[in-house]
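Engineer: Right, I'll just put the structure down here and ask away after.
The values are calculated or read from the model by the stated rules, or taken from the named source; none is laboratory data. This structure is a prediction, so every number in the text was calculated from the model and none was measured. Neighbour counts run over all protein chains shown; Cβ positions are idealised from the backbone, glycine included.
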Amino acid sequence: MNTNEKPSALIIIFGATGDLANRKLFPSLYRLFEKGNLSEKFAVIGVARRPLSNEQFQQNIKNSVQSSAQEQALVDEFATHFYYHSHDVTDSASYASLKKMAEDLDSHYQLDGNRIFYLAMAPEFFGTIAIHLKEDGLTMVDGFKRLVIEKPFGHDLESAKALNKQIRKAFSENEIYRIDHYLGKEMVQNIEVIRFANALFEPLWNNRYISNIQVTSSETLGVEERGRYYEKSGALRDMVQNHMFQMVALLAMEPPIKLTTDEIRSEKGRVLKALRPIEGNKVNEYFIRGQYGAGDLNGKTLLGYREEQMVDPRSNTETYVAGKLMIDNFRWAGVPFYIRTGKRLSTKSTKIVIQFKDIPMNLYYQTEQALQPNLLVIHIQPEEGITLHLNAKKAGQSLNATPIKLNFANKGINGLNTPEAYEKLLDDCMHGDATNFTHWDEVALSWSFVDKISAVWENTKEENFPNYPAGSKGPKAADELLEKDGFFWWPMADLEVETC
(Lines give C-alpha, C1' and ligand atoms only; values in the text may rest on other atoms or scores of the structure.)
Protein backbone atom coordinates (compact mmCIF):
# COMPACT_ATOMS: atom_id res chain seq x y z
CA MET A 1 0.00 0.00 0.00
CA ASN A 2 1.18 3.52 -0.76
CA THR A 3 2.10 5.06 2.58
CA ASN A 4 0.86 8.45 1.35
CA GLU A 5 -2.68 7.11 1.00
CA LYS A 6 -5.10 7.48 3.87
CA PRO A 7 -5.81 3.94 5.05
CA SER A 8 -9.34 2.58 5.23
CA ALA A 9 -10.16 -0.22 7.68
CA LEU A 10 -12.48 -1.63 10.30
CA ILE A 11 -10.58 -1.84 13.59
CA ILE A 12 -11.95 -4.36 16.09
CA ILE A 13 -10.46 -3.79 19.55
CA PHE A 14 -10.84 -6.63 22.02
CA GLY A 15 -10.55 -5.22 25.55
CA ALA A 16 -12.05 -1.87 24.57
CA THR A 17 -13.06 -0.92 28.12
CA GLY A 18 -9.56 -1.57 29.49
CA ASP A 19 -6.78 0.75 30.54
CA LEU A 20 -4.63 0.32 27.41
CA ALA A 21 -7.48 1.16 25.05
CA ASN A 22 -8.53 4.25 26.99
CA ARG A 23 -5.07 5.64 27.77
CA LYS A 24 -3.23 4.78 24.54
CA LEU A 25 -5.28 3.42 21.65
CA PHE A 26 -8.22 5.83 21.51
CA PRO A 27 -6.10 9.00 21.96
CA SER A 28 -3.60 7.73 19.35
CA LEU A 29 -6.37 7.06 16.83
CA TYR A 30 -7.81 10.49 17.57
CA ARG A 31 -4.50 12.24 16.89
CA LEU A 32 -4.26 10.43 13.54
CA PHE A 33 -7.81 11.56 12.77
CA GLU A 34 -7.15 15.16 13.86
CA LYS A 35 -4.01 15.38 11.71
CA GLY A 36 -5.86 14.07 8.68
CA ASN A 37 -3.83 10.86 8.57
CA LEU A 38 -6.92 8.70 8.96
CA SER A 39 -9.47 8.38 6.19
CA GLU A 40 -13.15 9.19 6.79
CA LYS A 41 -13.61 5.56 5.75
CA PHE A 42 -12.85 3.95 9.07
CA ALA A 43 -14.86 2.43 11.87
CA VAL A 44 -14.00 0.91 15.24
CA ILE A 45 -15.85 -1.84 17.08
CA GLY A 46 -15.06 -1.95 20.76
CA VAL A 47 -15.37 -5.47 22.16
CA ALA A 48 -15.56 -6.30 25.86
CA ARG A 49 -17.64 -8.34 28.30
CA ARG A 50 -19.55 -5.61 30.08
CA PRO A 51 -22.89 -4.44 28.62
CA LEU A 52 -22.76 -0.92 27.12
CA SER A 53 -24.85 0.93 24.56
CA ASN A 54 -23.21 2.58 21.54
CA GLU A 55 -24.02 5.97 23.11
CA GLN A 56 -22.31 5.06 26.38
CA PHE A 57 -19.27 3.73 24.54
CA GLN A 58 -19.02 6.85 22.38
CA GLN A 59 -19.15 9.00 25.51
CA ASN A 60 -16.27 6.93 26.91
CA ILE A 61 -14.35 7.68 23.71
CA LYS A 62 -14.95 11.42 24.07
CA ASN A 63 -13.76 11.33 27.68
CA SER A 64 -10.67 9.36 26.66
CA VAL A 65 -9.52 11.75 23.93
CA GLN A 66 -10.57 15.05 25.53
CA SER A 67 -7.08 15.94 26.76
CA SER A 68 -5.66 15.35 23.25
CA ALA A 69 -8.32 17.40 21.45
CA GLN A 70 -7.99 20.83 19.91
CA GLU A 71 -11.57 21.14 18.60
CA GLN A 72 -14.69 19.72 20.27
CA ALA A 73 -16.48 19.35 16.93
CA LEU A 74 -13.78 16.96 15.76
CA VAL A 75 -14.13 14.91 18.93
CA ASP A 76 -17.86 14.50 18.34
CA GLU A 77 -17.30 13.51 14.72
CA PHE A 78 -14.53 11.07 15.68
CA ALA A 79 -16.73 9.35 18.26
CA THR A 80 -19.47 8.64 15.70
CA HIS A 81 -17.14 6.10 14.06
CA PHE A 82 -17.16 3.93 17.23
CA TYR A 83 -19.55 1.07 17.97
CA TYR A 84 -19.78 -1.38 20.83
CA HIS A 85 -20.26 -5.13 21.03
CA SER A 86 -20.68 -6.99 24.32
CA HIS A 87 -18.81 -10.21 23.73
CA ASP A 88 -17.89 -13.62 25.12
CA VAL A 89 -14.53 -14.60 23.61
CA THR A 90 -15.29 -18.32 23.98
CA ASP A 91 -18.78 -18.31 22.41
CA SER A 92 -19.23 -18.78 18.65
CA ALA A 93 -22.70 -17.20 18.79
CA SER A 94 -21.09 -14.01 20.07
CA TYR A 95 -18.66 -14.03 17.12
CA ALA A 96 -21.60 -14.54 14.73
CA SER A 97 -23.25 -11.31 15.89
CA LEU A 98 -19.87 -9.55 15.77
CA LYS A 99 -19.46 -10.75 12.18
CA LYS A 100 -22.87 -9.32 11.25
CA MET A 101 -21.98 -5.95 12.80
CA ALA A 102 -18.61 -5.94 10.99
CA GLU A 103 -20.25 -6.65 7.62
CA ASP A 104 -22.81 -3.88 8.13
CA LEU A 105 -20.10 -1.34 9.00
CA ASP A 106 -17.93 -2.52 6.13
CA SER A 107 -20.77 -1.73 3.74
CA HIS A 108 -21.76 1.54 5.45
CA TYR A 109 -18.23 3.00 5.49
CA GLN A 110 -17.04 1.36 2.25
CA LEU A 111 -14.08 -0.30 3.97
CA ASP A 112 -13.29 -2.77 1.17
CA GLY A 113 -13.14 -5.68 3.61
CA ASN A 114 -10.00 -4.38 5.39
CA ARG A 115 -9.87 -5.52 9.01
CA ILE A 116 -7.50 -5.04 11.91
CA PHE A 117 -8.06 -7.13 15.03
CA TYR A 118 -6.34 -5.56 18.06
CA LEU A 119 -6.07 -7.82 21.12
CA ALA A 120 -5.72 -5.36 24.03
CA MET A 121 -6.45 -7.91 26.72
CA ALA A 122 -5.00 -10.76 28.76
CA PRO A 123 -2.60 -12.88 26.65
CA GLU A 124 -4.20 -16.16 27.70
CA PHE A 125 -7.07 -15.32 25.34
CA PHE A 126 -4.91 -14.54 22.27
CA GLY A 127 -4.98 -18.04 20.80
CA THR A 128 -8.68 -18.60 21.57
CA ILE A 129 -9.71 -15.36 19.88
CA ALA A 130 -7.52 -15.92 16.82
CA ILE A 131 -8.96 -19.40 16.22
CA HIS A 132 -12.55 -18.19 16.70
CA LEU A 133 -11.98 -15.31 14.27
CA LYS A 134 -11.09 -17.84 11.59
CA GLU A 135 -13.58 -20.58 12.43
CA ASP A 136 -16.47 -18.13 12.80
CA GLY A 137 -15.78 -16.37 9.52
CA LEU A 138 -14.48 -12.95 10.57
CA THR A 139 -11.21 -13.38 8.66
CA MET A 140 -12.96 -14.26 5.39
CA VAL A 141 -12.64 -10.79 3.85
CA ASP A 142 -11.93 -9.29 0.43
CA GLY A 143 -9.34 -6.86 1.79
CA PHE A 144 -6.43 -7.29 4.20
CA LYS A 145 -6.66 -8.85 7.66
CA ARG A 146 -4.14 -8.09 10.39
CA LEU A 147 -3.80 -9.23 13.98
CA VAL A 148 -2.16 -6.87 16.49
CA ILE A 149 -0.93 -8.44 19.73
CA GLU A 150 0.40 -6.81 22.88
CA LYS A 151 3.20 -8.34 24.91
CA PRO A 152 3.85 -10.65 26.60
CA PHE A 153 4.00 -13.14 23.75
CA GLY A 154 4.27 -16.21 25.97
CA HIS A 155 6.18 -16.44 29.25
CA ASP A 156 8.96 -18.67 27.89
CA LEU A 157 9.98 -20.27 24.59
CA GLU A 158 7.64 -23.26 24.85
CA SER A 159 4.55 -21.18 25.68
CA ALA A 160 5.47 -18.72 22.92
CA LYS A 161 5.73 -21.60 20.43
CA ALA A 162 2.34 -22.93 21.51
CA LEU A 163 0.74 -19.50 21.19
CA ASN A 164 2.34 -18.91 17.81
CA LYS A 165 1.09 -22.28 16.57
CA GLN A 166 -2.47 -21.34 17.57
CA ILE A 167 -2.34 -17.91 15.96
CA ARG A 168 -0.77 -19.19 12.76
CA LYS A 169 -3.85 -21.36 12.20
CA ALA A 170 -5.76 -18.15 11.50
CA PHE A 171 -3.13 -15.62 10.34
CA SER A 172 0.07 -15.87 8.34
CA GLU A 173 3.29 -14.42 9.78
CA ASN A 174 3.07 -11.31 7.60
CA GLU A 175 -0.44 -10.63 8.99
CA ILE A 176 0.70 -10.74 12.64
CA TYR A 177 1.84 -7.44 14.21
CA ARG A 178 3.46 -8.03 17.61
CA ILE A 179 3.64 -4.64 19.27
CA ASP A 180 6.72 -3.55 21.16
CA HIS A 181 5.87 0.07 21.92
CA TYR A 182 9.58 0.92 22.34
CA LEU A 183 9.92 0.39 18.57
CA GLY A 184 7.41 3.20 18.05
CA LYS A 185 9.44 5.72 20.04
CA GLU A 186 10.93 8.40 17.84
CA MET A 187 14.51 8.14 19.09
CA VAL A 188 14.55 4.33 18.90
CA GLN A 189 13.57 4.64 15.24
CA ASN A 190 16.26 7.31 14.93
CA ILE A 191 18.99 4.76 15.72
CA GLU A 192 18.92 3.60 12.10
CA VAL A 193 19.14 7.16 10.76
CA ILE A 194 21.98 8.12 13.12
CA ARG A 195 23.93 5.06 12.02
CA PHE A 196 23.20 4.77 8.32
CA ALA A 197 22.78 8.40 7.26
CA ASN A 198 25.95 9.82 8.83
CA ALA A 199 29.46 9.24 7.51
CA LEU A 200 30.67 10.53 10.88
CA PHE A 201 29.38 7.47 12.77
CA GLU A 202 29.04 4.38 10.60
CA PRO A 203 32.81 3.97 9.91
CA LEU A 204 33.40 4.12 13.70
CA TRP A 205 30.53 1.78 14.62
CA ASN A 206 32.65 -1.27 15.46
CA ASN A 207 35.06 -2.81 17.96
CA ARG A 208 38.02 -0.74 16.77
CA TYR A 209 36.52 2.53 18.00
CA ILE A 210 33.80 1.68 20.53
CA SER A 211 34.76 0.48 24.02
CA ASN A 212 31.26 -0.33 25.32
CA ILE A 213 27.58 0.45 24.83
CA GLN A 214 25.14 0.96 27.71
CA VAL A 215 21.35 0.70 27.43
CA THR A 216 19.39 1.91 30.46
CA SER A 217 15.66 1.89 31.13
CA SER A 218 14.88 3.01 34.66
CA GLU A 219 11.51 3.71 36.28
CA THR A 220 10.58 5.56 39.45
CA LEU A 221 7.28 3.70 39.70
CA GLY A 222 6.86 0.38 41.49
CA VAL A 223 4.64 -2.47 40.32
CA GLU A 224 1.52 -0.53 41.42
CA GLU A 225 -1.58 -2.70 40.73
CA ARG A 226 0.35 -5.14 38.49
CA GLY A 227 1.60 -7.35 41.33
CA ARG A 228 -0.12 -10.52 40.12
CA TYR A 229 1.29 -10.14 36.60
CA TYR A 230 4.74 -9.09 37.80
CA GLU A 231 5.08 -12.09 40.12
CA LYS A 232 4.90 -14.32 37.03
CA SER A 233 7.06 -12.04 34.91
CA GLY A 234 9.76 -10.10 36.71
CA ALA A 235 12.02 -7.53 35.07
CA LEU A 236 13.79 -10.15 32.93
CA ARG A 237 10.65 -11.22 31.08
CA ASP A 238 8.87 -7.87 31.31
CA MET A 239 11.67 -5.69 29.90
CA VAL A 240 14.82 -7.55 28.82
CA GLN A 241 13.30 -10.20 26.56
CA ASN A 242 11.58 -7.59 24.40
CA HIS A 243 12.40 -3.88 24.80
CA MET A 244 16.07 -4.17 25.77
CA PHE A 245 16.91 -6.84 23.19
CA GLN A 246 15.17 -4.87 20.45
CA MET A 247 17.28 -1.79 21.18
CA VAL A 248 20.48 -3.86 21.27
CA ALA A 249 19.56 -5.46 17.92
CA LEU A 250 19.07 -2.04 16.28
CA LEU A 251 22.38 -0.79 17.68
CA ALA A 252 24.37 -3.84 16.62
CA MET A 253 22.84 -4.95 13.30
CA GLU A 254 24.73 -4.77 10.02
CA PRO A 255 23.56 -2.22 7.43
CA PRO A 256 20.65 -3.84 5.57
CA ILE A 257 20.74 -4.13 1.78
CA LYS A 258 17.59 -2.00 1.66
CA LEU A 259 15.51 -0.24 4.30
CA THR A 260 12.68 -2.73 3.92
CA THR A 261 10.82 -4.70 6.57
CA ASP A 262 12.30 -8.07 5.60
CA GLU A 263 15.89 -6.83 5.33
CA ILE A 264 15.85 -4.93 8.64
CA ARG A 265 14.25 -7.85 10.47
CA SER A 266 16.78 -10.22 8.93
CA GLU A 267 19.73 -8.17 10.21
CA LYS A 268 18.22 -7.86 13.68
CA GLY A 269 17.75 -11.61 13.77
CA ARG A 270 21.43 -12.14 12.94
CA VAL A 271 22.40 -10.06 15.97
CA LEU A 272 20.26 -12.20 18.27
CA LYS A 273 21.77 -15.35 16.78
CA ALA A 274 25.27 -13.98 17.48
CA LEU A 275 24.61 -13.36 21.20
CA ARG A 276 27.03 -15.39 23.28
CA PRO A 277 24.95 -18.05 25.08
CA ILE A 278 24.87 -17.66 28.85
CA GLU A 279 23.74 -20.58 31.00
CA GLY A 280 24.49 -22.51 34.14
CA ASN A 281 27.34 -21.10 36.23
CA LYS A 282 27.98 -18.34 33.69
CA VAL A 283 24.64 -16.64 34.41
CA ASN A 284 25.77 -15.01 37.63
CA GLU A 285 28.98 -13.81 35.96
CA TYR A 286 27.12 -11.95 33.24
CA PHE A 287 23.82 -11.01 34.90
CA ILE A 288 22.73 -9.69 38.29
CA ARG A 289 19.25 -9.25 39.71
CA GLY A 290 17.73 -6.96 42.29
CA GLN A 291 14.54 -6.38 44.23
CA TYR A 292 13.56 -3.08 45.82
CA GLY A 293 12.88 -2.73 49.50
CA ALA A 294 11.23 0.13 51.37
CA GLY A 295 12.77 3.52 50.71
CA ASP A 296 12.24 7.21 50.17
CA LEU A 297 11.92 9.34 47.01
CA ASN A 298 11.32 13.10 47.01
CA GLY A 299 10.30 12.97 50.66
CA LYS A 300 7.73 10.22 50.11
CA THR A 301 8.04 6.90 51.93
CA LEU A 302 7.74 3.95 49.53
CA LEU A 303 6.83 0.33 50.14
CA GLY A 304 9.17 -2.51 49.34
CA TYR A 305 8.22 -4.91 46.55
CA ARG A 306 7.24 -7.64 49.01
CA GLU A 307 4.75 -5.25 50.65
CA GLU A 308 3.00 -4.43 47.36
CA GLN A 309 -0.52 -5.70 46.59
CA MET A 310 -0.79 -9.31 45.35
CA VAL A 311 2.94 -9.98 45.91
CA ASP A 312 4.29 -12.95 47.88
CA PRO A 313 5.86 -11.63 51.13
CA ARG A 314 8.83 -13.95 50.45
CA SER A 315 8.93 -13.28 46.71
CA ASN A 316 12.05 -14.20 44.73
CA THR A 317 10.93 -12.06 41.75
CA GLU A 318 13.47 -9.57 40.42
CA THR A 319 12.47 -5.94 39.90
CA TYR A 320 15.93 -5.01 38.55
CA VAL A 321 18.21 -6.67 36.01
CA ALA A 322 21.67 -5.68 34.80
CA GLY A 323 23.65 -7.75 32.37
CA LYS A 324 26.55 -7.93 29.96
CA LEU A 325 25.83 -9.12 26.43
CA MET A 326 28.62 -10.18 24.11
CA ILE A 327 27.95 -10.34 20.37
CA ASP A 328 30.33 -12.84 18.83
CA ASN A 329 30.67 -11.54 15.28
CA PHE A 330 33.35 -9.69 13.31
CA ARG A 331 32.02 -6.19 14.03
CA TRP A 332 31.44 -6.49 17.77
CA ALA A 333 33.89 -9.10 19.07
CA GLY A 334 35.16 -7.93 22.46
CA VAL A 335 32.71 -5.02 22.92
CA PRO A 336 30.37 -5.45 25.91
CA PHE A 337 26.77 -4.28 25.60
CA TYR A 338 25.61 -3.49 29.13
CA ILE A 339 21.88 -3.39 29.84
CA ARG A 340 20.05 -2.41 33.00
CA THR A 341 16.39 -1.92 33.84
CA GLY A 342 14.57 -1.58 37.11
CA LYS A 343 11.62 -0.26 39.06
CA ARG A 344 11.58 2.20 41.96
CA LEU A 345 14.86 3.82 40.95
CA SER A 346 15.87 7.42 41.55
CA THR A 347 15.28 8.59 37.96
CA LYS A 348 12.87 7.85 35.12
CA SER A 349 15.09 7.55 32.07
CA THR A 350 15.58 5.48 28.95
CA LYS A 351 18.83 6.19 27.13
CA ILE A 352 21.66 4.65 25.17
CA VAL A 353 25.29 5.64 25.76
CA ILE A 354 27.89 4.74 23.14
CA GLN A 355 31.34 5.19 24.67
CA PHE A 356 34.20 5.54 22.19
CA LYS A 357 37.70 4.34 22.93
CA ASP A 358 40.36 6.73 24.17
CA ILE A 359 42.80 8.09 21.59
CA PRO A 360 46.06 6.05 21.43
CA MET A 361 48.23 8.72 23.05
CA ASN A 362 46.59 11.18 25.43
CA LEU A 363 48.69 14.35 25.09
CA TYR A 364 46.53 16.09 27.69
CA TYR A 365 46.87 13.47 30.40
CA GLN A 366 49.38 15.52 32.38
CA THR A 367 47.31 18.71 32.26
CA GLU A 368 45.07 19.79 35.09
CA GLN A 369 42.12 17.81 33.72
CA ALA A 370 42.35 14.44 31.95
CA LEU A 371 40.38 14.00 28.77
CA GLN A 372 36.85 12.70 29.05
CA PRO A 373 35.85 9.90 26.65
CA ASN A 374 33.76 10.81 23.64
CA LEU A 375 30.15 9.74 24.12
CA LEU A 376 27.13 9.61 21.86
CA VAL A 377 24.00 9.65 24.03
CA ILE A 378 20.62 8.83 22.53
CA HIS A 379 17.86 10.07 24.84
CA ILE A 380 14.64 8.08 24.39
CA GLN A 381 12.45 9.15 27.32
CA PRO A 382 11.27 11.25 29.07
CA GLU A 383 13.18 13.77 26.94
CA GLU A 384 14.06 12.92 23.34
CA GLY A 385 17.25 13.90 21.56
CA ILE A 386 20.92 13.29 20.94
CA THR A 387 23.98 14.57 22.80
CA LEU A 388 27.54 14.26 21.50
CA HIS A 389 30.20 14.68 24.20
CA LEU A 390 33.49 16.06 22.85
CA ASN A 391 36.63 17.75 24.18
CA ALA A 392 37.56 21.30 23.19
CA LYS A 393 40.08 23.94 24.22
CA LYS A 394 39.30 25.93 27.31
CA ALA A 395 38.99 29.68 26.90
CA GLY A 396 42.22 31.44 27.81
CA GLN A 397 45.94 31.11 27.16
CA SER A 398 46.46 27.47 28.16
CA LEU A 399 45.91 24.43 25.92
CA ASN A 400 43.86 22.61 28.52
CA ALA A 401 40.87 20.66 27.19
CA THR A 402 37.35 20.86 28.57
CA PRO A 403 34.30 18.68 27.89
CA ILE A 404 31.57 20.20 25.71
CA LYS A 405 28.17 18.94 24.54
CA LEU A 406 26.51 19.21 21.14
CA ASN A 407 22.75 18.80 21.56
CA PHE A 408 19.74 18.05 19.44
CA ALA A 409 16.44 18.11 21.35
CA ASN A 410 13.23 17.06 19.64
CA LYS A 411 11.12 19.15 22.00
CA GLY A 412 13.22 22.23 21.35
CA ILE A 413 13.30 21.95 17.57
CA ASN A 414 9.72 20.93 16.94
CA GLY A 415 8.02 22.88 19.67
CA LEU A 416 5.98 19.83 20.61
CA ASN A 417 6.93 16.37 21.67
CA THR A 418 7.21 13.68 19.03
CA PRO A 419 4.24 11.40 18.24
CA GLU A 420 3.14 8.94 20.87
CA ALA A 421 4.61 5.51 20.10
CA TYR A 422 1.18 3.90 19.71
CA GLU A 423 0.13 6.57 17.24
CA LYS A 424 3.10 5.74 15.01
CA LEU A 425 2.61 1.98 15.32
CA LEU A 426 -1.13 2.12 14.62
CA ASP A 427 -0.43 4.21 11.53
CA ASP A 428 2.22 1.72 10.40
CA CYS A 429 -0.16 -1.19 10.91
CA MET A 430 -2.92 0.45 8.89
CA HIS A 431 -0.43 1.03 6.06
CA GLY A 432 0.85 -2.54 6.25
CA ASP A 433 4.36 -1.55 7.36
CA ALA A 434 5.60 -4.21 9.82
CA THR A 435 9.18 -2.89 10.14
CA ASN A 436 8.70 -1.70 13.71
CA PHE A 437 6.86 -4.80 14.88
CA THR A 438 8.53 -7.95 16.18
CA HIS A 439 8.91 -10.97 13.91
CA TRP A 440 8.43 -14.49 15.30
CA ASP A 441 12.10 -15.32 14.72
CA GLU A 442 13.12 -12.44 17.01
CA VAL A 443 10.64 -13.58 19.68
CA ALA A 444 11.95 -17.16 19.57
CA LEU A 445 15.62 -16.17 19.68
CA SER A 446 15.16 -13.76 22.59
CA TRP A 447 13.13 -16.30 24.61
CA SER A 448 15.76 -18.95 23.94
CA PHE A 449 18.41 -16.66 25.45
CA VAL A 450 16.34 -15.46 28.42
CA ASP A 451 15.02 -18.90 29.38
CA LYS A 452 18.53 -20.05 30.32
CA ILE A 453 18.85 -17.16 32.78
CA SER A 454 15.36 -17.74 34.17
CA ALA A 455 16.14 -21.43 34.72
CA VAL A 456 19.05 -20.54 37.03
CA TRP A 457 17.29 -17.74 38.90
CA GLU A 458 14.05 -19.62 39.47
CA ASN A 459 15.93 -22.58 40.95
CA THR A 460 18.13 -20.43 43.18
CA LYS A 461 16.67 -18.53 46.12
CA GLU A 462 18.19 -15.04 46.30
CA GLU A 463 19.06 -14.66 49.98
CA ASN A 464 19.92 -10.95 49.76
CA PHE A 465 16.50 -9.71 48.59
CA PRO A 466 15.61 -6.90 48.90
CA ASN A 467 19.02 -5.59 47.86
CA TYR A 468 18.32 -1.95 46.97
CA PRO A 469 16.07 0.63 48.63
CA ALA A 470 13.27 2.24 46.63
CA GLY A 471 14.43 5.61 45.30
CA SER A 472 18.07 4.54 44.92
CA LYS A 473 20.21 3.85 41.85
CA GLY A 474 19.91 0.08 42.16
CA PRO A 475 21.94 -2.75 43.71
CA LYS A 476 25.68 -2.39 44.28
CA ALA A 477 26.28 -5.61 42.33
CA ALA A 478 25.32 -3.76 39.13
CA ASP A 479 28.27 -1.39 39.59
CA GLU A 480 30.59 -4.31 40.30
CA LEU A 481 29.52 -5.98 37.07
CA LEU A 482 31.14 -3.15 35.09
CA GLU A 483 34.03 -2.54 37.46
CA LYS A 484 35.33 -6.03 36.66
CA ASP A 485 35.84 -4.83 33.07
CA GLY A 486 37.30 -1.43 34.03
CA PHE A 487 34.10 0.50 33.19
CA PHE A 488 31.35 2.26 35.14
CA TRP A 489 27.72 3.09 34.49
CA TRP A 490 27.19 6.56 33.10
CA PRO A 491 24.71 8.36 35.39
CA MET A 492 21.01 8.06 34.64
CA ALA A 493 20.33 11.75 35.22
CA ASP A 494 23.59 13.64 34.62
CA LEU A 495 23.64 13.20 30.83
CA GLU A 496 20.24 14.71 30.13
CA VAL A 497 19.60 16.45 26.83
CA GLU A 498 19.33 20.22 26.99
CA THR A 499 16.31 21.81 25.33
CA CYS A 500 17.31 24.05 22.46
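Engineer: Looking at the range 281-300 only, could you name the residues that are more than 23 Å from residue 339 (Cα to Cα) and touching a strand residue (DSSP E or B) at 6+ places or on another chain (Cβ under 8 Å)?
Structural biologist: If the condition is that a residue be more than 23 Å from residue 339 (Cα to Cα) and touching a strand residue (DSSP E or B) at 6+ places or on another chain (Cβ under 8 Å), then 294, 295, 296 are the ones that fit.
Engineer: Condition (residue is assigned to a strand (DSSP E or B) and β-branched (Val, Ile, Thr)) applied to the range 281-288: is it met by at least one residue?
Structural biologist: Yes, that holds for at least one residue.
Engineer: Same structure, new question: Is it the case that some residue within the range 123-139 is of a type in the set (Asp, Glu), surrounded by 15 or more Cβ atoms within 10 Å (Cβ to Cβ) and either in contact with a Lys or Arg (Cβ under 6 Å, 6 or more places away or on another chain) or over 30 Å from residue 409 (Cα atoms) (or both)?
Structural biologist: Checked the range 123-139: at least one residue is of a type in the set (Asp, Glu), surrounded by 15 or more Cβ atoms within 10 Å (Cβ to Cβ) and either in contact with a Lys or Arg (Cβ under 6 Å, 6 or more places away or on another chain) or over 30 Å from residue 409 (Cα atoms) (or both).
Engineer: Scan the range 243-280 for residues that are polar (S, T, N, Q) and either at pLDDT 95 or above or within 24 Å of residue 210 (Cα to Cα) (or both) and report the count.
Structural biologist: Within the range 243-280, residues that are polar (S, T, N, Q) and either at pLDDT 95 or above or within 24 Å of residue 210 (Cα to Cα) (or both) number 2.
Engineer: Please specify each residue of the range 212-257 satisfying the condition of being within 17 Å of residue 151 (Cα to Cα), among the charged types (D, E, K, R) and part of a loop (DSSP other than H, G, I, E, B).
Structural biologist: Correct list: 226 only.
Engineer: Same structure, new question: Please determine, by comparing only the residues of the range 320-372 that are at pLDDT 95 or above, aliphatic (A, V, I, L, M) and in a loop (DSSP other than H, G, I, E, B), which one is nearest to residue 295 (Cα to Cα).
Structural biologist: It comes out as 335.
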